[in-house]
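Take a look at the structure set out below.
The values are calculated or read from the model by the stated rules, or taken from the named source; none is laboratory data. All of these numbers come straight from a predicted model, not from anything done at the bench. We place every Cβ from the backbone using ideal geometry, glycine too, and count neighbours over all the protein chains shown.
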């Protein structure tokens, strides 16, 4: 995923017409700058500069990136300024809840933008929360904002969508479908699915991850467990290889443990999972609003399709 620093480094090279001058302006070494530009090129899949004896020259891909990169950074900088003004230079504390993998690679960009705008605000993290726990942590005033997933309750939460990705089926490598790669929803619905204990899970959260919106009122075959974190899913499936679970696609690129014997299966008909920044409904405190606005601004810049 493209990060803000990649765009800043890219534009510095364009504006300074050279890596040496751009590195000096950015207060980084030239090898570091070159590595970051190459990282951006790998993400995009295209070279941005032709490295020539007389200096770098933009490729067609590079020329196409200049204007949107400048617009994205301007938007982020405007958002940071707006958030800073909203908080009126106040200092204090903010409790940030995070589900497994939080908002992916957006997370650090959002945290860095907020820290730059509000260096006096101390962030306290509740990390690796199960989705259901993040839901209730907001309601119970245990965290102020949370990187989490829909569904939430519009009567109790406010949120902004950061990005969307597919829901996928997780199975143990010994499951009969382990090598399928992609499966039809009709083949998934009859299977025994991992479920958190109902007393610990808001109904709308349970319905979403049990695929109840596709079952026409029929109850799924469930394997009920006490908790619902991704590492716990891995352990449970290891001991119950006929059980499946649902999760968001980000778990595919960030498995719960190296070498975990899991397979992730596409289910195109299962729809999308929305990663959001959320707060309690009606909570308009300065730092909460500022963090929410920074997160939304950064996401709009880096994930413009949302």
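Mind listing whichever residues of the stretch 117-128 are in contact (Cβ under 8 Å) with a residue 60 or more places away in the chain and touching a strand residue (DSSP E or B) at 6+ places or on another chain (Cβ under 9 Å)? Give the derivation first.
Narrowing the stretch 117-128 to residues in contact (Cβ under 8 Å) with a residue 60 or more places away in the chain: 117-118, 121, 128.
Listed by number, the residues that qualify are 118, 121, 128.
The set of residues in the stretch 153-212 being at pLDDT below 90, surrounded by fewer than 13 Cβ atoms within 10 Å (Cβ to Cβ) and either within 18 Å of residue 230 (Cα to Cα) or touching a strand residue (DSSP E or B) at 6+ places or on another chain (Cβ under 9 Å) (or both) consists of 181, 198. Considering (1) touching a helix residue (DSSP H, G or I) at 6+ places or on another chain (Cβ under 6 Å); (2) within 19 Å of residue 134 (Cβ to Cβ), the lone condition that residue 204 does not fulfil carries the number (1).
Would you say residue 79 is surrounded by 13 or more Cβ atoms within 10 Å (Cβ to Cβ), at pLDDT below 85 and farther than 28 Å from residue 254 by Cα? Spell out how you get there, then give the answer.
Details: surrounded by 13 or more Cβ atoms within 10 Å (Cβ to Cβ): yes; at pLDDT below 85: yes; farther than 28 Å from residue 254 by Cα: yes.
Spelling it out, residue 79 is indeed surrounded by 13 or more Cβ atoms within 10 Å (Cβ to Cβ), at pLDDT below 85 and farther than 28 Å from residue 254 by Cα.
Restricting 123, 152, 111, 138 to residues that are in the same structural domain as residue 293 (by TED's automatic domain parsing), in a helix (DSSP H, G or I) and either more than 14 Å from the chain's Cα centre (by Cα) or at positive phi (or both) narrows the list to 138.
Residue-wise test of (1) buried (at least 20 other Cβ atoms within 10 Å of the Cβ); (2) in the same structural domain as residue 137 (by TED's automatic domain parsing); (3) part of a loop (DSSP other than H, G, I, E, B); (4) at pLDDT 90 or above.
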{"site": "258", "(1), (2), (3), (4)": "no, no, yes, no"}
{"site": "265", "(1), (2), (3), (4)": "yes, no, no, yes"}
{"site": "284", "(1), (2), (3), (4)": "no, yes, yes, no"}
{"site": "291", "(1), (2), (3), (4)": "yes, yes, no, yes"}
{"site": "296", "(1), (2), (3), (4)": "yes, yes, no, yes"}
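Those residues that are modelled with pLDDT under 90 and loosely packed, with under 14 Cβ neighbours inside 10 Å, I need them from the stretch 219-234; list them, please. 219, 224, 226, listed by residue number.
Inspection of the stretch 108-124 finds a residue satisfying the criterion of being within 19 Å of residue 79 (Cβ to Cβ), out of contact with any helix residue (DSSP H, G or I) (no Cβ under 7 Å at 6 or more places or on another chain) and buried (at least 19 other Cβ atoms within 10 Å of the Cβ). The C-beta contact set for the stretch 280-306 (first residue at positive phi, second residue modelled with pLDDT under 90 and surrounded by 15 or more Cβ atoms within 10 Å (Cβ to Cβ), distance under 8 angstrom, 6+ apart or interchain) is empty.
Restricting attention to the stretch 135-145, which residues are in contact (Cβ under 8 Å) with a residue 60 or more places away in the chain and surrounded by 20 or more Cβ atoms within 10 Å (Cβ to Cβ)? Talk me through it step by step, then tell me what you get.
Pass one, the stretch 135-145, residues in contact (Cβ under 8 Å) with a residue 60 or more places away in the chain: 135-136, 138-139, 141, 144-145.
Hits for the stretch 135-145 are 135, 138, 144, 145.
Taking the conditions exactly as written (assigned to a helix (DSSP H, G or I) and under 26 Å from residue 104 (Cα atoms)), does residue 204 satisfy them or not? Considered against the rule, which asks whether it is assigned to a helix (DSSP H, G or I) and under 26 Å from residue 104 (Cα atoms), residue 204 comes out as yes. Let me spell it out: the conditions are (1) closer than 20 Å to residue 231 by Cα; (2) modelled with pLDDT of 90 or more; (3) surrounded by fewer than 22 Cβ atoms within 10 Å (Cβ to Cβ), and residue 97 meets all of them except one. Which number is the exception? Here residue 97 clears every test but (3).
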